[in-house]
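Enquirer: Questions regarding the structure given below will be posed in turn.
The values are calculated or read from the model by the stated rules, or taken from the named source; none is laboratory data. Source: prediction; values computed, not measured. Heads up, the Cβs are rebuilt from the backbone with ideal geometry, glycines too, and the neighbour counts pull from every protein chain shown. In case anyone asks, the SASA skips ligands and DNA or RNA and just uses the protein heavy atoms, side chains included. Shrake-Rupley method; radii C 1.70, N 1.55, O 1.52, S 1.80 Å.
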Amino acid sequence: MAILRSLIAATALLGVAARAQVVGAPFGFAAGTTGGGDASPVAPADESELTEWLADDEPRVILIDKEFNFLGDQCVDCECCIPDSNTCGDAGQNAIEVGIGWCSDYPTTTCTYDNAGLDGLDVSPNKSIVGVGDAGVIRGKGLRLHGTSNIIVQNIHITELNPQYIWGGDGISLDGCDLIWIDHVKVSLVGRQMIVTGYETSGSVTISNSDLDGATDWSASCDGHHYWTVLALGEDDKVTFSNNYIHQTSGRAPKIGASSFWHVLNNYWSDNTGHAFDVSEGNALIEGNVFEDVNSAYTDKGAGSVFAVSSDDESTCSSALGRTCIPNLLTDSNATPVADDAVLSSFPADEEGEITILPVEEVAAYVLANAGVGKLSSTSSSTPVVASSSSVVPIPTSTPVSIPTFIPSPSSSYAAPARVETAIESTSTPTPSSVGSTPHPPSTCSSRRRRRHLHQ
Ligand SMILES: *[C@@H]1O[C@H](CO)[C@@H](O)[C@H](O)[C@H]1NC(C)=O
């Protein structure tokens, strides 16, 4: 009987292993990413085995076939502060004192948080991290893709990283990496950023079909919406951001603050009480997206370059890129029209390869049906924006993306809890009243100098 049972178990396991692989292929800038490639899928037994396999030197396809729960090691009554943004007590976010000077002159308090969230799981090169069905959850800890390359993260849910506290944890952090495909990932209830890049380059990245769920009981904007959504501070990043669902957020969705190129297409923003795009540096081509109930979708105020396609711009796009760009669709949303031609001339389209863009009318329904975990099956393609030889014809760019500025990055910065960044809000971006008081440092020095200073 026991033998029979283990035989059945083994067969079932083989079945899972045979079925659970990366589904679809990366497109956009991260095209060519192979992760663990053809390595036999392996399901870690527990948290320590998962931690070990993520960080070892073997190319691996690691199955996340259950919840891995890293919670339990608490810092009790530890040092925290109360930033000005927290005007709502327990419904707001206090900040963990992480020793980077962020708490500055804010009143101190004590708080109890879980240590796991403060440092993500290190991921070595050549790994696929793949959820099985809708079972794949990593609770209490994020992923740290620092100094690594060729990683696929697909169909997993990262959640519960001290959502009560600023600096409580980042969902996925990228730094000094290349060829990263984040697909069908859900991130919810994090203390800090859902996805963050920088300060070194993150190379070629595609973030697709993911569910960035900002619903929270502890909001830095005091309204049940998460403020810290996506922060892009990586120098010279090339990011395709496509078919994602970004909802119940109130800021930084995303904030782009380094010389980088973001091609943002066919995403669905819904219910944002503050701002979506805050581009203080770098380039963003924003096309074929839906913004619904977004207080500020994009603006012309940042110092970065934004081309948000409207119906007026279709021909501009055609002459620059050799194809028609797709206007965004805004409902019950505000935005300042901005169409900076510099974005088109700096678009490294040849590196992104060929893509097909969904008509904007189809985007909301498509994204709702496909974004997040448990939406993949081995028989269906995950890839909504498929490489195609259709009418989309990328042209070589004559102007490469801006030359990255070298920022000394001592190894200690890798060990720092979460990001040092960060504290820097764009001073030129209009902040709706709900986020006007969101924590930022009293300093008025340039962000670059501030960052360097904080690193030292
Ligand atoms: C990752 O895979 C590539 C291609 O097979 C190989 O050249 C490289 O050495 C691998 N890296 C590591 C750390 O195993």
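Enquirer: With a 1.4 Å probe and every protein chain left in place, work out the accessible area per residue of segment 69-395 in Å², rounded to a whole number.
Expert: 29 Å²
Enquirer: If you don't mind, another one. How much length would be gained if the chain were fully extended between Ala45 and Glu354, taking 0.36 nm per residue of separation minus their Cα-Cα distance, in nm to one decimal?
Expert: 107.2 nm
Enquirer: From the square roots a ≥ b ≥ c of the eigenvalues of the alpha-carbon gyration tensor of segment 267-343, which class results: rounded (a/c under 1.5), prolate (a/b over b/c), or oblate?
Expert: Working: a/c = 2.37, a/b = 1.37, b/c = 1.74.
Here segment 267-343 falls in the oblate category.
Enquirer: Could you work out how far the C-alpha centroid of segment 261-282 sits from that of segment 63-95, in angstrom?
Expert: Centre-to-centre (Cα) distance: 26 Å.
Enquirer: Still on this structure: Given R₀ = 25 Å, FRET efficiency for Glu67-Ala365 by Cβ-Cβ distance, to 0.05? It would help to have the intermediate numbers written out before the result.
Expert: Details: r = 30 Å, r/R0 = 1.19.
E between Glu67 and Ala365, to the nearest 0.05, is 0.25.
Enquirer: Moving on to the next point. Which percent, nearest 5, of DSSP beta bridges in segment 69-395 are antiparallel?
Expert: 10 percent
Enquirer: Need one number: nm distance between label points at Asp38 and Glu58, each 7 Å from Cα along Cα→Cβ, rounded to one decimal.
Expert: Taking the two extended label points, one gets 1.8 nm.
Enquirer: Less than 15 Å apart at the alpha-carbon level, and either on another chain or at least 8 residues along: which aspartates and glutamates does that give for Lys66?
Expert: Filter leaves Asp46, Glu47, Glu49, Asp134.
Enquirer: Further question: Within the accessible area of segment 69-395, what % is carbon and sulfur when the probe is 1.4 Å and the other protein chains stay in place?
Expert: Values: 4470 of 9630 Å².
In segment 69-395, the share of accessible area belonging to carbon and sulfur is 46 percent.
Enquirer: Follow-up question, since we're still on this one. Under 21 Å from the Cα of Lys255, which lysines turn up, not counting those fewer than eight places away in the same chain?
Expert: Lys255 reaches Lys186, Lys238, Lys301.
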